[in-house]
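What follows is one structure encoded as structure tokens, with my remarks underneath.
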Amino acid sequence: MISKLIRGQFLILGKEPDGDSIRFVPDDALLFDDLYRYHRMRFNEHDGSIQLRLEGIDAPETHYGPKYAQPLGEAARNALLETLGYDLRKIEWSGQKVVVDENAPVRGAIITDGADANGRPISYVFREDAEVLAPLSDGAELAPSVQAVEQSSNYAMVTSGHAYTTFYTSMPKKLRRYVRTAATEAKRHRRGVWAADSTDQFWLSEIEDVAVPAGALILPKLFRRCVDYIKSGFDGTIEEWMRARDSGPRPENDRVLLESVGFETSLSELVETVNGYVRLKHDLLDLVFVEK
């Protein structure tokens, strides 16, 4: 698929940015017109912004549903803003919403080839001064390279450990391999999320077991499944709940490729509940979710 460089500015005032998504106002919204799933993209009619999904990463949640958040979610959000050039001292919050932003407009760029099922452009995001983008004009068509990815905020979030990797099959294998290497190094040095990660095994009887202030930190995709599972009141284990929601308008049982062995399975087959403890039976860095 075609990818494009699109220049513009990031927008946080009145919004709720987090560690893996932020709103973006393109200089020329028409540049999105021939990208994949353009028909699902929704630009705010008042400010021209669109919500991005950052390629390859999943940061701890600052908010999921009305009130649930994960440990280190705010740290991840702040780290992303800083990578884009925001001065946090010039931002004021009300809950998770930005109510004051005294930064000058923070300009930057994205590389995207289209949107996810929810209409969010799947993007690498960059500061305006990223060297690899300097010779490129707005709307330039390109294939994301290792050199470009290395200068993205996505990659910075992985190397600092402020975000987990969460790969999808839409991301080229070469780039997955490169980012996975950086994540492995961050994990080895116990940076950020890796100093607290409990995805391998955690207790689950109520939402507070995986939410702030004292819950276990786990892979955000699995956290979201845990919250929905507990809220559903399902009489059974979380893996049984996922299997029961294998299809329908909102399927919860993701298809997953185990990249090292080239085997595709479902998330429910990788999760096991034993005596109240939930564990992920495979290395989360090896998981590649099948894009819907």
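So what is the relative contact order of the range 38-154, in percent, for Cα pairs below 8 Å that sit 6 or more residues apart?
Values: 147 pairs, mean separation 31.9, N = 117.
Result for the range 38-154 is 27 percent.
How far, in nm, would the chain grow between Val99 and Val146 when pulled straight, counting 0.36 nm per residue and subtracting the alpha carbon separation? Mind dumping the intermediate values first?
On the way: separation 47, 0.36 × 47 = 16.92 nm, distance 3.65 nm.
Full extension from Val99 to Val146 adds 13.3 nm.
For the range 265-292 and the range 92-109, what is the separation of their Cα centres, given in Å?
Here the two parts' Cα centres lie 36 Å apart.
Counting pairs of alpha carbon atoms under 8 Å apart in space and at least six apart in sequence, what relative contact order in percent does the chain give? Please list the in-between numbers first.
Working: 579 pairs, mean separation 55.3, N = 292.
RCO, the chain: 19 percent.
Tell me, how many Å apart are the Cα centres for the range 133-169 and for the range 1-49?
So the two Cα centres are separated by 16 Å.
From the phi angles alone, apply the Karplus equation (6.51, -1.76, 1.60; θ = phi - 60°) to the range 90-102 and give each ³J(HN,Hα) in whole Hz, x where the residue is Gly or Pro.
9, 10, 10, 10, 10, x, 9, 8, 7, 10, 9, 9, 9
Along the Cα→Cβ direction, 7 angstrom out, place labels at Glu45 and Asp286. What is the inter-label distance in nm?
5.0 nm
Accessible area per residue of the chain at 1.4 Å probe, in Å²? The partial results should precede the final answer.
Details: 13260 Å² over 292 residues.
Here the residues of the chain average 45 Å² of exposed surface.
Given all pairs of different Cα atoms, what value in angstroms does the Kirkwood hydrodynamic radius of the range 70-212 take? Walk me through the intermediate numbers first.
Working: mean 1/r = 0.0583 Å⁻¹.
Here the Kirkwood hydrodynamic radius works out to 17.2 Å.
Among the lysines, select those whose C-alpha is under 20 Å from the C-alpha of Lys231, and discard any that sit fewer than 8 residues away in the same chain.
Lys67, Lys221
Can you list the residues, at least 5 places off or on another chain, whose amide H is less than 5 Å from the amide H of Val212, using H built in the peptide plane?
Sorted by chain and number, the residues that satisfy this are Ala69, Gln70.
At q = 0.12 Å⁻¹, what is the base-10 log of I(q)/I(0) for the chain according to the Debye formula with one equal point scatterer per Cα and no solvent? Please give it to two decimals.
Scattering profile of the chain, log10 relative to I(0): -0.78.
At what distance in nm do the modelled label points of Arg177 and Ser260 sit from each other, each positioned 7 Å from its Cα along Cα→Cβ?
Result for the modelled spin labels: 1.6 nm.
Once the convex hull of the C-alpha atoms of the range 149-292 is built, how many Å³ does it hold per residue, rounded to a whole number?
Details: hull volume 17.0 nm³, N = 144.
Expressed per residue, the convex hull around the Cα atoms of the range 149-292 is 118 Å³.
On average, how much area does the Cα convex hull of the range 1-111 cover when viewed from any direction, in nm²? Let's see the in-between values first.
Working: hull surface 30.0 nm².
About 7.5 nm², averaged over all directions.
With a cut-off of 8 Å between alpha carbons and a minimum separation of six or more residues, what is the relative contact order of the range 102-234 in percent?
Working: 124 pairs, mean separation 19.1, N = 133.
About 14 percent, as a whole number.
Would you please give the residues with an amide H less than 5 Å from that of Glu272, counting only those at least 5 places away or on a separate chain, with H modeled from the backbone geometry?
Correct list: Arg279, Lys281.
Excluding residues on the same chain fewer than 8 positions from Lys173, give the aspartates and glutamates whose Cα lies under 16 Å from its Cα.
Within the straight-line cut-off, Lys173 pairs with Glu55, Asp113, Glu150, Glu259, Glu264, Asp286, Glu291.
Given a 1.4 angstrom probe, I'd like the percentage of the accessible area of the chain that is carbon and sulfur, rounded to a whole number. Intermediate results must be reported in sequence, preceding the final value.
Working: 6330 of 13260 Å².
Of the solvent-accessible surface of the chain, carbon and sulfur hold 48 percent.
If you consider only alpha-carbon coordinates, what radius of gyration and Dmax does the range 74-152 have, in Å?
Rg, Dmax (Cα atoms, Å): 14.5, 40.
The values are calculated or read from the model by the stated rules, or taken from the named source; none is laboratory data. Keep in mind that what you see is a predicted model, and the values were worked out from it rather than measured. Quick reminder, even Gly has a Cβ in these numbers, built from the backbone with ideal geometry, and neighbours come from all protein chains shown. Areas reflect the complete protein model, heavy atoms only, side chains present, ligands, DNA and RNA absent. Shrake-Rupley method; radii C 1.70, N 1.55, O 1.52, S 1.80 Å.
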